[in-house]
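The values are calculated or read from the model by the stated rules, or taken from the named source; none is laboratory data. On a predicted model such as this, the values are computed, not experimentally measured, just so you know. Cβ: placed from backbone, ideal geometry, glycine included. Neighbour counts: every protein chain shown. Areas reflect the complete protein model, heavy atoms only, side chains present, ligands, DNA and RNA absent. Shrake-Rupley method; radii C 1.70, N 1.55, O 1.52, S 1.80 Å.
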Amino acid sequence: MLRSTAAMAVVALVPPGLPGRQLVRAAQSLSSGLRLSVRGVAGPSKKAHGLVKPRFPLLIPEVDETARVVKEKTKPSPPLRRFIACPELARAVVSRLEKGRGPELQKPLVLESEPGPGILTRTLLNAGARVIALESNNTFIPNLESLKKKVDGQLEVLHCDFFRLDPVSAGLMRPPLMYSERLFENLGILPVPWTADIPLKVIGIVPQKRERNLLWKLIYDLYERSSIYKYGRIELNLFVSEKEYKTLVAKPGESRIYQALSVIYQTACDIQLLHMEPWSSFLTNSRNGGLSIPKSVLLQNDHLCLVQLTPRKDLFTESLTTMNSSIFIVMVKQCLAKCKTKLIDKLNLWSSESGKKLLRQLEIPENITTGSLYPEQYKALFEIMTQSNEFDQSWLYENDSLDDISINI
Ligand SMILES: *[C@@H]1O[C@H](CO)[C@@H](O)[C@H](O)[C@H]1NC(C)=O
Ligand SMILES: *[C@@H]1O[C@H](CO)[C@@H](O)[C@H](O)[C@H]1NC(C)=O
């Protein structure tokens, strides 16, 4: 690399009249000279960085050996996964999913994330559902494929990861890469209007390590109607930790658990707890067979909660659109960065001192803190702020609120 760059530099420096062979030689001598001088530089500069020559010569391992060690050490242990392995739990899940459905929805289309051994898959199929199984681990595919052969068109199996659909930057993703557009097109699923019935139910367990980030990613997608939400009001049925569930449904005044995520989700979705199950009911792939239950300092966290998130038909309005909903999210995040902040101070910041007027319009007490405002009040506030011409959006760019978004994605 070094040599070729040096040679190129020589080509540029040598006068045009020089014959070919001389030119090559000039390049060679110059590049070897350069290498020497680079070596010469390397010594002192290392010392300058505080590196001391070892007293005994160190043994340099062979390249092959080094490669083996690096591979060994960096071999990723498979990410933690939980499985529904017990038929009773599978039956409980399916009966909760079916609850409250009219006869016309008796055969729902269900997208199952990470079916693994396929216990829940079989139970869904037995209940008459049409199932699309998205499995990211090759190991489980052959089994699911043979199940598919038995059920004649009722099951579709795809090698991909629901929670890694539509990656922001494909370069960082582990295969198999999948985009919801391609996925839905292959399955023959067409987009329906936002106010139409639910086109598809998703069932899955949210990977624990990325739980919070994934909840943010999904809700950004919903507010933008991007990714799966291009196809309508996709209903998510997700196992999340009890701790995260409590955040999702927290009420104003519940200090510390009422957060921006609570407001953003409650504004966008009808949230229902379908089922609670102790962590120990799930099988894990952890090598030592442990349950890997996350610790929670604030809250009791003994269960995984199956929570149904149904996007609201009336989420989008004239003022809150897919184009500017991210501003709503930033506004809520800024407000709830600290739940004891006076709302009026925030409003005055954004709306050139018209906080008092805005609050009066909504009949909200002037001394209210951001942690005591209901989700629907946040939405109403956003709507009247966008309607008033005083709304100054410069606050959006004045601080780190946008960095905030990218971190959470
Ligand atoms: C796939 O599953 C098998 C069986 O549980 C496991 O041994 C393997 O490590 C998994 N592979 C990945 C990439 O997670
Ligand atoms: C959001 O979009 C609507 C419709 O285009 C517009 O009336 C409103 O001012 C926008 N709000 C913001 C904060 O950009």
For L283, which of the numbered conditions (1) in contact (Cβ under 8 Å) with a residue 60 or more places away in the chain; (2) surrounded by fewer than 15 Cβ atoms within 10 Å (Cβ to Cβ); (3) over 18 Å from L373 (Cβ atoms) fails to hold? (2)
Is there any pair linking a residue in segment 343-355 that is without any contact (Cβ under 8 Å) to a residue 60 or more places away in the chain to one that is of a type in the set (F, W, Y) and open to solvent by 10 Å² or more (accessible area, probe 1.4 Å), with Cβ under 8 Å and at least six apart or on different chains, and which? W350/F391; S351/F391
In segment 304-326, residues that are buried (at least 20 other Cβ atoms within 10 Å of the Cβ) and out of contact with any Lys or Arg (no Cβ under 7 Å at 6 or more places or on another chain) total 6
Quick count over segment 147-166, residues being assigned to a loop (DSSP other than H, G, I, E, B), open to solvent by less than 20 Å² (accessible area, probe 1.4 Å) and free of Cβ contacts under 8 Å to residues at least 40 places away in the same chain, is 1
What pairs can you find where one residue is in segment 134-146 and near ligand 1 (Cβ under 8 Å from one of its atoms), the other is open to solvent by 90 Å² or more (accessible area, probe 1.4 Å) and not in a helix (DSSP H, G or I), and their Cβ atoms are less than 9 Å apart, with a gap of 6+ or different chains? S136/R174
Qualifying positions in segment 366-390 - exposed (fewer than 12 other Cβ atoms within 10 Å of the Cβ) and away from ligand 2 (no atom under 16 Å from the Cβ): E366, N367, E376
Of the residues that make up segment 281-288, is at least one assigned to a loop (DSSP other than H, G, I, E, B), of a type outside the set (A, V, I, L, M, F, W, C) and within 16 Å of ligand 2 (Cβ to nearest atom)? no
